[in-house]
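**Student:** Got a structure here, written out as structure tokens. Questions coming.
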Amino acid sequence: MTTTPVWVQLTYLAAAVCFILALKGLSGPKTARRGNQLGAVGAAVATVVVFFQKDLDHLPLIIAAIVAGTVLGVVGAYKVQMTQMPQLVALFNGVGGGAAALVALLELDEILSHGAEVSTVIMIATVFTIFVGTVSFAGSMITFSKLQELMTTRPVVFAGLPVAFGGSIVASLVVAVFGVNDPSLFLGIVLALLGLVVGVLLVLPVGGADVPIVISLLNAFTGLSVAAGGYVLSNTLLVVAGTLVGASGTMLTIAMAKGMGRSVTNTLFGALKGGSTLGAGVASDRPVKSVSPEDVGIMLAYANRVIIVPGYGLAVAQAQHTLRELVEVLQSRDIEVDYAIHPVAGRMPGHMNVLLAEAQVPYEQLKEMNDINSEFKNADVALVVGANDVVNPAARTTPSAPIYGMPILNADEARQVVFMKRSMRPGFAGIENELLFDPKTTLLFGDAKETMGKVLNAVKSL
Amino acid sequence: MNESIVWLTIFVLSIFVGTEVVSKVSSTLHTPLMSGANAIHGIILIGAILVAGSAESTGVLIVGLIATVLGAVNLVGGFVVTDRMLEMFSARKKAKPTKTDGDAA
């Protein structure tokens, strides 16, 4: 075995420092972009230096593979609409986990072909990488399908699911133990397949609104499998980088779960306990009060205080720009207007901030939930655009609802509530919203962008 | 010192650093932070390059190259999409209002 040159190791150390500073930078609004760029520089340098770590064969093919991956990654990153970004992150995370698992499988093959005695610790790290990497890969692919709506966003639970899940975990453990004691490529592949099954079964029962938490969790998983893979390869950079992501990803997962008033275990296994499928996910035919855009225009134009509750539907309809314009017109009439941002508005925590920033809504107008919730009772109108679950009082009142316990925006305390909705279909979590049927609530149906334009014209003409 | 202990030390210290650096993040930045962390574990790319470069059979080479492509997608795509997100946070200068459908009045 050739040893890694000292200068290469030192460069890896520098790259590891870049990653630490990148995460540090990403935690603050002013330093975030610089931090991310620093991380990219560290990664680029490490990717060049790896070719000097030892003599590598097949260089043209490897470089071609890097170029192909780079092109795919860049095209994906630039083509994706900001609304679809969560699923892209899930996809990137999945391929990373897959790569880690493949690397560990190949390293296992390499170790076996040399026939030398292998330490138990190395074998444990190898089976860990294979298993966690494949779990992360399969789980991310299911997450991607859910967010892309290739499959239902609701929890998928079938009778034997808990048994199948438990069984596949036990089987994986057994195979892992055998694999550590008596390493073989066959057992490695079996473990990889079991990992795929576990990953699928882990994510299937997770319902719509909880999916972001799972992305974050799988992100941490991939980090840990990369770290273990780094140990197998005796590569310090992989160990440090993987562990950093594993640790920070775990923190982030807990923070997100807390933002939704849930525990991580409840997120993952809540649906298995049953009773979480309140509402049928179909449109209700209960009577609601529907009004015209002109009425809403009048309501807004003669209010003193308006609070906007933007949701994912706003961004899907690409109505952010029209909304911003409407807010500007209202402000020119001396009406106090703010945006109330729920921590999980959109498809991921902070997603709505990204979407509104894209429409150049001033950062100062975006109010976080805790700062704005006491203001709703002074608001004349709460205008809910393309949001549903984040203002659903069932979170406070109905213990059987999947979102029960999630902190919500107190839109129901405003004097009047206007929902702009495409249809009566329930939100992402698939629960009926009692607020829609409240006497002080009016609904404005239609494509958010089109109706928003009509409301804007109505306000302008007053 | 036992080599395993050195690795364990690196691992444990990295856990503390990873936990510490993100402990004060606001929920506004959760998405970019997740995406950035996601990019960082794409560094598995160098592991993929190492195994592909030492491949002695065609099968190993092919799998190694697949891992290399996947790692590169994760690494490069992750950093680029994070940058795109963050660009929107900083692009708060006077951009011209976008034309909208209902703007005729």
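**Student:** Report Rg/Rh for the range A:1-79, rounded to two decimals, where Rg is the Cα radius of gyration and Rh the Kirkwood radius.
**Tutor:** Rg divided by Rh gives 1.06.
**Student:** So if R0 is 25 Å, what FRET efficiency would A:Phe158 and A:Asp182 give, r being the distance between their Cβ atoms, rounded to the nearest 0.05?
**Tutor:** For A:Phe158 and A:Asp182, the calculated efficiency is 0.10.
**Student:** Also, I was wondering about something else. Computed FRET efficiency, Cβ-Cβ of A:Ile298 and A:Gln81, R0 41 Å: what is it to the nearest 0.05?
**Tutor:** Rounded to the nearest 0.05, the efficiency is 0.75.
**Student:** Which percent of Cα-Cα pairs in the protein assembly as shown sits in each 10 Å bin, short to long?
**Tutor:** Going from the shortest bin to the longest, the percentages are 4, 18, 27, 23, 15, 9, 4, 1, 0.
**Student:** From the Cα gyration tensor of the range B:29-69, with a ≥ b ≥ c the square roots of its eigenvalues, which class applies: rounded if a/c is under 1.5, or else prolate if a/b is larger than b/c, or else oblate?
**Tutor:** On the way: a/c = 7.30, a/b = 3.65, b/c = 2.00.
Prolate is the answer for the range B:29-69, as a/c is 1.5 or above and a/b outweighs b/c.
**Student:** For the peptides A:436-442, A:19-25, what is the packing order when you average, over each peptide's residues, the other Cβ atoms within 10 Å and list the highest mean first?
**Tutor:** A:19-25, A:436-442
**Student:** Give the whole-number value, in cubic angstrom per residue, of the convex hull volume spanned by the C-alpha atoms of the range A:293-460.
**Tutor:** Hull volume over Cα atoms, normalised by residue count, gives 98 Å³.
**Student:** Need one number: nm distance between label points at A:Val45 and A:Ser332, each 7 Å from Cα along Cα→Cβ, rounded to one decimal.
**Tutor:** 5.1
**Student:** What is the angle, in °, between the Cα long axis of helix A:236-259 and the longest principal axis of the Cα atoms in chain A? Nearest 10 is fine, range 0 to 90.
**Tutor:** Here the helix axis deviates by roughly 30 degrees.
**Student:** Turning to a different aspect of this structure: What's the average, rounded to a whole number, of partner chain beta-carbon atoms within 10 Å of each residue's beta-carbon in A:74-81?
**Tutor:** What the average comes to for A:74-81 is 4.
**Student:** If we count other beta carbons within 10 Å of each Cβ, what is the order of A:Tyr302, A:Tyr339, fewest first?
**Tutor:** Fewest-to-most Cβ neighbours within 10 Å comes out as A:Tyr302, A:Tyr339.
**Student:** Separate question: Can you compute 3J(HN,Hα) from phi for each residue in the range B:65-80, using the Karplus curve 6.51 cos²θ - 1.76 cosθ + 1.60 with θ = phi - 60°, rounded to whole Hz and x for Gly and Pro?
**Tutor:** 5, 4, 4, 5, 4, 4, x, 5, 4, 4, 5, 6, x, x, 5, 5
**Student:** Relative to the first principal axis of the alpha-carbon coordinates of chain A, what is the inclination of helix A:320-332, with its axis defined by its Cα atoms, in degrees from 0 to 90 and to the nearest 10?
**Tutor:** The two axes meet at around 40 degrees.
**Student:** Arrange the following residues from fewest to most other Cβ atoms within 10 Å of their Cβ: A:Glu432, B:Glu3.
**Tutor:** B:Glu3, A:Glu432
**Student:** Which of the peptides A:137-144, A:253-260, A:44-51 is most tightly packed, and how do the rest follow, going by the mean number of other Cβ atoms within 10 Å of each residue?
**Tutor:** A:137-144, A:253-260, A:44-51
**Student:** By per-residue mean of other Cβ atoms within 10 Å, what is the highest-first order of A:372-378, B:27-33?
**Tutor:** B:27-33, A:372-378
**Student:** Hey, another quick one. Quick check on the exposure proxy: order A:Ile122, B:Ile44, A:Ile62 from fewest to most C-beta atoms within 10 angstrom.
**Tutor:** Sorted ascending by nearby Cβ count, the order is A:Ile122, A:Ile62, B:Ile44.
**Student:** Same structure, new question: For a quick check: with amide H placed at 1.01 Å from N, whose amide H comes under 5 Å from A:Ala379's, ignoring anything fewer than 5 positions away on the same chain?
**Tutor:** A:Arg415
**Student:** Roughly speaking, what is the stretch gain from B:Asn2 to B:Thr58, that is 0.36 nm per residue apart minus the C-alpha to C-alpha distance, in nm to one decimal?
**Tutor:** Using 0.36 nm per residue and subtracting the Cα-Cα distance, I get 16.5 nm.
**Student:** Provide the gained length on full extension for the span A:Ile189 to A:Gln9, in nm with one decimal, where the gain is 0.36 nm per separating residue minus the Cα-Cα distance. If you can, show how the numbers build up before the last one.
**Tutor:** Details: separation 180, 0.36 × 180 = 64.80 nm, distance 3.18 nm.
Result for the pair: 61.6 nm of gain on full extension.
**Student:** A:Lys377 to B:Leu13: FRET efficiency via 1/(1 + (r/R0)^6), r the Cβ-Cβ distance, R0 60 Å, to the nearest 0.05? Don't skip to the end; give the middle numbers.
**Tutor:** Values: r = 49 Å, r/R0 = 0.82.
Efficiency at R0 = 60 Å is approximately 0.75.
**Student:** Could you point to the residue in A:Ile341, A:Val163, A:Val226 farthest towards the positive end of the protein assembly as shown's charge dipole, with +1 and -1 charges on the Cβ of Lys/Arg and Asp/Glu respectively?
**Tutor:** A:Ile341
Coordinate-derived values only; no laboratory data. Everything quoted here is computed from the prediction, not taken from an experiment. Positions of Cβ are generated from backbone atoms using ideal geometry, with glycine treated the same way; all protein chains shown enter the neighbour counts.
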